[in-house]
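Novice: First the structure, which I've put down as structure tokens, then a few questions once you've had a look.
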Amino acid sequence: MQRRQPCLFALGLILALAFTAAAQDTPPARPEVLPVGSEPQPEPSPVRWEGSVARIGAVTVDSAAKTVTATGWVNQTEGPIEVLACGPKGKTHESVFVLTLNPLDLQAALLLAGLKGGEPMSGLGEGPPRGSPLDIFVEWQADGGPRRERAETFIRQINEDAVLPESPWIFTGSQIKDGRFMAFAEESFVVSYWDPYAVINLGHPLGADDEALHANPLAVPPYGTPVTMTFVPRAPTEVE
């Protein structure tokens, strides 16, 4: 079985690229994206197997538990957001967390965990997102011990003055457009405002409103706190 695991990884990468290529002509171009050829294109990271655990760059896949993990830090503790987690060169002015990873590794890891993307959305705020549902948990150290909360805990609904209720997140998968893997070009990994170029979208109707959600200052750890984000596919009986 161990000798077959690299082949599974390769298959996952092929599926990731095939999925993104299939929808490359759907979303409109956006002016904030760099011109074609102005940024390097991603390459998949080497995979290292340790039993049932595969490390793809900075992303870890547990093939037995079917979970995916990545690390980063707290980037924003209050104010309006459109993104739950982005890369260091992403929309950090409106993202709760920053993750340091290759988005192609993240997409391939989620595919290996059994998730599937659905029909792509046509533009920003236009949904709902289609694909496999998952839960996202954030872990960090506080008061000398570990803490773990659902991702929704860190998001506040402004109109209701309440924490976002428990909601699924949707693996939509990012896309290739004009020869670019868009999650690499924009570094939007997990978004609260629907984005066809992100890897994961919020599965709540407020994802259509770019002004509805803020970071929850009562729950977000202090700025700069190291965090581990865990992506857990929902069981088939939980599919919305």
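Read the figures in this text as sums done on the coordinates, not as results from a lab. Just so we're clear, the structure is a prediction, and the values are computed from it rather than from any experiment. Because the Cβ atoms are built from the backbone with ideal geometry, glycine has one as well, and the counts that use them run over all protein chains shown.
Novice: Where nothing but the Cβ of Lys and Arg (+1) and of Asp and Glu (-1) is charged, how large is the charge dipole of the stretch 66-200 around its Cα centre, in debye to the nearest 20? Could the numbers behind the result be given before it?
Specialist: On the way: 11 positive and 18 negative charges, 93 e Å.
Here the stretch 66-200 has a charge dipole of around 440 debye.
Novice: Placing +1 at every Lys and Arg Cβ and -1 at every Asp and Glu Cβ, with all other atoms neutral, what dipole size does the stretch 167-240 have around its Cα centre, in debye to the nearest 20?
Specialist: Numbers: 3 positive and 9 negative charges, 53 e Å.
So the dipole magnitude of the stretch 167-240 works out to roughly 260 debye.
Novice: Extending each Cα 7 Å along its Cβ direction at Glu139 and Arg48, get the distance between those two points in nm, one decimal.
Specialist: 1.9 nm
Novice: If you don't mind, another one. Let me check I've understood the local charge: for Glu211, count other residues with C-beta under 14 angstrom from its C-beta, Lys and Arg +1, Asp and Glu -1. What total comes out?
Specialist: Values: positive: Arg156; negative: Glu82, Glu94, Glu160, Asp209, Asp210.
So the environment of Glu211 carries a net charge of -4.
Novice: List the aspartates and glutamates whose Cα sits under 19 Å from the Cα of Lys116, skipping any in the same chain fewer than 8 residues away.
Specialist: Partners found: Asp62, Asp105, Asp135, Asp195, Glu238, Glu240.
Novice: Next question, about the same structure. Say the cut-off is 24 Å between C-alpha atoms; which of Lys89/Lys177; Lys66/Lys91; Lys91/Lys177 go over it? Don't skip to the end; give the middle numbers.
Specialist: On the way: Lys89/Lys177 19 Å; Lys66/Lys91 29 Å; Lys91/Lys177 19 Å.
Over 24 Å apart, Cα to Cα: Lys66/Lys91.
Novice: I would also like to ask the following. If Rh is defined by the Kirkwood formula over all Cα pairs and Rg also comes from Cα, what ratio Rg/Rh do you get for the stretch 75-197?
Specialist: Details: Rg = 14.7 Å, Rh = 15.3 Å.
Taking Rg over the Kirkwood Rh, I get 0.96.
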